[in-house]
Amino acid sequence: MASPLDFQISALIDDELDSTEFELLAERLARDLPLRAQYSRFAIIGEVLRGAPLLLDSGFAERVRAGVASEPSGPLPTIGGLQSYLRPVLGMAIAASVALVALFSLMPGSQMPISGEAPGMAMQQGGPTYTVPATSTVSSGEPERLEYYFLRHGEYAPMARKSTYSRVIAEPPEADTPGSAEGPGDLDTAAPADDAEGETGQ
Amino acid sequence: MPGKTTDRELVGRVKKGDKGAFDLLVLKYQHKIVKLVMRYVKDPSEAMDVAQEAFLKAYRAMATFRGDSAFYTWLYRIAINTAKNHLVAAKRRPVDFELDLQDPDQYELSNRLRDIDTPEGLLLSNEIREAVEDAIRGLPEDLRTAILLREIEGMSYEEIAEAMTCPVGTVRSRIFRAREAIDKRLQPLVN
């Protein structure tokens, strides 16, 4: 009369054992040599039916077992003391830190804009969809802030993507250029608003 | 995926320090791994050593196994790398001779070589094959079908139940009964 364990050994070979059955059977297999031998024979049946060459040297498994037995006991150490589920979290944390460092290093912290507003803020407010008003209804200080934004943008954007306006205000003043080297030219006359919009909107 | 759930459970136990669970993985995959290694290392005793080394490497590296792939896939890679490293160390070609496996005669020859060329370590026993085949032939039709669908077609119990229009529990029982009958013939030869 077959015992439930025999059925379970067969199901174990087929990976059709549920977790609770598995736990009990694994405990039993650890100390029940005849049961383990049966497991091994059931595995052989499969190999024979599939026409695979057989390894019938029981000494092989014994030798591996002896080799494993000589390894340190106890739970296997995780890599670097980190649980596997923590590794992705650590990776994301590192990536976020790098992104933050990159962001702050790109911010011209030491060169405050003329308007006194933090350049990072100006960039954030402008953003990729910032639209330069076509009319001169900007409040006092706004043109300087916008020009500062364009200059900074020009420094970090590839040359091909620099707007006409940023090139104009970055160039040394010519005789007919309004403003001076220190002070940017007049926004209304330097570049059409739609040009700037086209660049910044990309 | 067959082989995945139980293997994962076994791997989990190994990671917790259960060396016996690793033994079950060895018993399960030793035939496949030695066969795999023999593609690279012709000498059977060397192949056994390489396969043994591959299992030990797998045990030592078990902490790095995250379960993204099936355990056997991971073990397979370790075995291949171990075999290749062995060849590099021995400064030899991967195979000492080439056989055209498309040619049935040569394929047969290669199998016979594998069978005969193995000393006590690696033995393809005609006796065992015959015993298993005889036992299969002597099985009732429902048991034979169930075990062949499982072992040769690789179908799950659920798929077999559907194919044989019977409950999964019946499939489990039929497959066990088939194995039990074959095992009676096998036991005196293997033990």
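A few remarks follow.
- When restricted to residues that are surrounded by 14 or more Cβ atoms within 10 Å (Cβ to Cβ) and away from chain A (no Cβ under 12 Å), the range B:144-169 contains 4.
- Taken over the range B:43-59, the criterion of being free of Cβ contacts under 8 Å to residues at least 60 places away in the same chain and touching an Asp or Glu at 6+ places or on another chain (Cβ under 7 Å) is satisfied by B:Tyr59 alone.
- Pairs where the first residue, in the range B:77-101, is closer than 20 Å to B:Met62 by Cβ and the second is modelled with pLDDT under 55, C-beta under 9 Å, 6+ apart: B:Ala83/B:Pro94
- Pairing residues of the range B:133-158 that are assigned to a helix (DSSP H, G or I) with residues that are crowded, with 20+ Cβ neighbours inside 10 Å and among the aromatic types (Phe, Trp, Tyr), at Cβ distances under 8 Å and at least 6 apart in sequence or on separate chains, gives B:Arg150/B:Tyr157.
Yes/no matrix, rows are residues, columns are (1) assigned to a helix (DSSP H, G or I); (2) β-branched (Val, Ile, Thr); (3) more than 7 Å from every other protein chain (Cβ to nearest Cβ); (4) crowded, with 21+ Cβ neighbours inside 10 Å:
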position: A:Ile9; (1), (2), (3), (4): yes, yes, yes, yes
position: A:Leu12; (1), (2), (3), (4): yes, no, no, yes
position: A:Glu23; (1), (2), (3), (4): yes, no, yes, no
position: A:Ile44; (1), (2), (3), (4): yes, yes, no, yes
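- In a residue-by-residue description of the range A:22-37, the property of being under 15 Å from B:Arg174 (Cα atoms) and touching a Ser or Thr at 6+ places or on another chain (Cβ under 7 Å) applies to no position.
The values are calculated or read from the model by the stated rules, or taken from the named source; none is laboratory data. Note that the structure is predicted; figures quoted are calculated from it, not measured. Here Cβ is always computed from backbone atoms with ideal geometry, including for glycine, and neighbour counts include all displayed protein chains.
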